[in-house]
Amino acid sequence: MLTKITSATTVGIQTYHIDVEVDLSFGMLQFNIVGLPDAAIRESKQRIMTALKQCGIRLPERKITVNLAPADIKKEGTVFDLPIALGILHAAEIIILEKEFLHETLFLGELSLDGSIKPVKGVLPIAHDSVAMGKRRMVVAPENAQEASLSLAMEIIAAGNLVELIAYIRGEKRIIPTVIDLSRLSAIQKQTVDLSDIKGQFVAKRALCIAAAGRHNIMLVGSPGSGKTMLAQRLVHLLPPLTFREIVETSKIYSVSGKLLHEGLIQQRPFRAPHHTISTAGLVGGGSFPQPGEVSLAHHGVLFLDELTEFKMSTIEVLRQPLEGRVVHIARAQHTVSFPASFLLVAAMNPCPCGFLDDRRRPCVCSQQQVQRYRTRISGPILDRIDLHVAVHSMNYEMVESSKKSDTDYTLIAEIETARTAQEQRFGNEERMNAHMTPHEVEQWCILSDGAQRIVRQSFDKLGLTMRGYHKLLKVARTIADLKGCEIIDAVHIQEAMMYRSVDRS
């Protein structure tokens, strides 16, 4: 008897429905799987046969042929264990599955040797995309039920083992569909930010607020121990809470990469801080079956690159495309995969090889040539894509003692909310920010006063600005004006924006 069970797989974060076709014919017991399976799928025959045996199910002596269609898509992982097992049981007439039930239902799951159903990767994007394809129901492991339920139109059946699922199919046991608690998601609050943990550093705090208000990339340049890492860690908490759409998008990426199983849904903005020894594929994604890299895992969050000059230059250069397009395209021989990568970049570096150039405590021992050679590890195109360059100076004991929490910290946070409100009214979308403006929108919304125009005209050649750098300068000035609630960009806003182009000035 021939039967067909519907399952699915992901390539990148795109869903492909897979028909698991099972045929039982007379002959000696054989088990063949075709349709471009990988090693994990080919090994599933041992898992499935042992699981059925442990569940007390004895199959007739038949030749079993499984086809995963369409056959031109490579399949990987253990997601097809459950549908193959059910296909064998249905073909052997041990269970009866109605045609309508089969048409509306997706089956995903790995089988353990004792028959329990284990979680798999990529359940959330499959659930989210399958609604448009006419599917109404998914059968998954209990660990996958919460993420799958983010697709509100799908009925999610969480079965712990094969025996329980067979009882559900036969109508002998009821399984209550998993429903996500939206009130729990809407009740997620932003973590309390206490900027007083950072002693002094008023210019750096101000720059952090500008970066958070307009989603501007920022570089922190300072000697070791001056507080660059602490500043970067505080930035993610200055951003607003994730919206429901952002929770779904971010959780999709973590789902296909297998990082969502034990963490639950991604409810806080990600903060990713890869080590400088990371490979290019680890940073932007890759592999024979392309997987998301750190830039995609930081989607809707912060990517912190500490010791930027210690990264391989070829690794840093691949950031050019995602910093501009907010997406990563990975091309392979048979297909091209795209991963979203809308992140806020925070880079940190020392000012020189020894780390103490212009330090208040220790003298620098580097020559001018060493400093120049050190800084050329970061190319001009990468610097051009970073909006804010901020010097972070070391503190002495008197400055630490005199630094107490003041109204300044509360004022900075209040100004961020003012700027966000202005941008929401401007773009009609709370997720669009000044840093995302197109050149046409820059011309439309970055209106300069006469004084501001004179300053920009005088400083354009001095700073050696490219058109990209010029537009970024105007975007930063627009955010600074929004922080103060100003419609027109004035001279003081342009001057402050220029202050954050220290690398250009040097």
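Peptides 418-425, 160-167: what's the order by average Cβ count within 10 Å, highest mean first?
With the highest mean Cβ count within 10 Å placed first, the list reads 160-167, 418-425.
What ranking, highest mean first, results for peptides 325-338, 76-89 when packing means the other Cβ atoms within 10 Å averaged over each residue?
Put in order of decreasing packing, that is 76-89, 325-338.
How many angstrom lie between the Cα centre of the stretch 214-228 and the Cα centre of the stretch 106-129?
The distance from the Cα centre of the stretch 214-228 to that of the stretch 106-129 comes to 42 Å.
Given +1 on the Cβ of Lys and Arg, -1 on the Cβ of Asp and Glu, and no further charges, what dipole in debye does the chain carry about its Cα centre, rounded to the nearest 20?
Dipole of the chain, to the nearest 20 debye: 820 debye.
Skipping prolines and chain starts, which residues have an amide H placed within reach, meaning under 5 Å, of the one on V327, given they are 5 or more residues away or on another chain?
A341
Would you mind checking which residues have amide H under 5 Å from V318's amide H? H placed 1.01 Å from N; only 5 or more apart, or other chain.
Correct list: empty.
How much of the DSSP bridge set in the stretch 2-180 is antiparallel, in percent, rounded to the nearest 5?
About 60 percent, rounded to the nearest 5.
Taking R0 as 60 Å, what's the FRET efficiency between Y410 and V327 from their Cβ-Cβ distance, rounded to 0.05?
0.95
Which of the peptides 213-223, 4-14, 370-380, 233-243 is most tightly packed, and how do the rest follow, judged by the mean count of other Cβ atoms within 10 Å per residue?
Output ranking for 213-223, 4-14, 370-380, 233-243: 213-223, 4-14, 233-243, 370-380.
Lysine pairs in the stretch 195-505 with Cα distance under 17 Å, only those 8 or more apart or on different chains: how many are there?
For the stretch 195-505, the number of qualifying lysine pairs is 9.
Lysine pairs in the stretch 33-92 with alpha-carbon atoms under 19 Å apart, 8 or more places apart or on different chains: how many are there?
Lysine pairs, 8 or more places apart or on different chains, close enough: 5.
Round to a whole angstrom and tell me the spacing of the C-alpha centers of the stretch 478-497 and the stretch 407-468.
So the two Cα centres are separated by 7 Å.
Taking every DSSP beta bridge with both residues inside the stretch 195-505, roughly what % is antiparallel (nearest 5)?
If I count the DSSP bridges inside the stretch 195-505, around 30 percent turn out antiparallel.
Between the stretch 33-88 and the stretch 250-326, what's the alpha-carbon centroid distance in Å?
Cα centres, the stretch 33-88 to the stretch 250-326: 33 Å.
Using θ = phi - 60° and the Karplus relation 6.51 cos²θ - 1.76 cosθ + 1.60, list the HN-Hα couplings for the stretch 64-73 in order, rounded to whole Hz, with x at every Gly or Pro.
Coupling constants for the stretch 64-73: 9, 10, 10, 10, 9, 10, x, 7, 8, 9 Hz.
Can you run phi through the Karplus equation (6.51, -1.76, 1.60; θ = phi - 60°) for the stretch 93-101 and list ³J(HN,Hα) in whole Hz, with x for Gly and Pro?
Couplings: 6, 7, 10, 10, 10, 5, 4, 5, 4 Hz.
Apply the Karplus parameterisation 6.51 cos²θ - 1.76 cosθ + 1.60, with θ equal to phi minus 60°, to every residue of the stretch 18-34 and state each ³J(HN,Hα) to the nearest whole Hz, in sequence, with x for glycine and proline.
10, 8, 8, 9, 10, 10, 10, 10, 5, x, 5, 4, 9, 9, 10, 10, 10
Under a 5 Å amide H to amide H cut-off, with H placed in plane at 1.01 Å, what residues pair with G35 once short-range neighbours are removed?
Under 5 Å from the amide H of G35: L68.
Among residues other than H300 whose Cβ falls under 9 Å from its Cβ, what is the net charge (Lys/Arg +1, Asp/Glu -1)?
Summing Lys/Arg as +1 and Asp/Glu as -1 gives -2.
Computed from the coordinates by the stated procedures, all read-outs in this text should not be read as laboratory data. These numbers come from a predicted model, not from an experiment. No Cβ is skipped: glycine too gets one built from the backbone with ideal geometry, and neighbour counts run over all protein chains shown.
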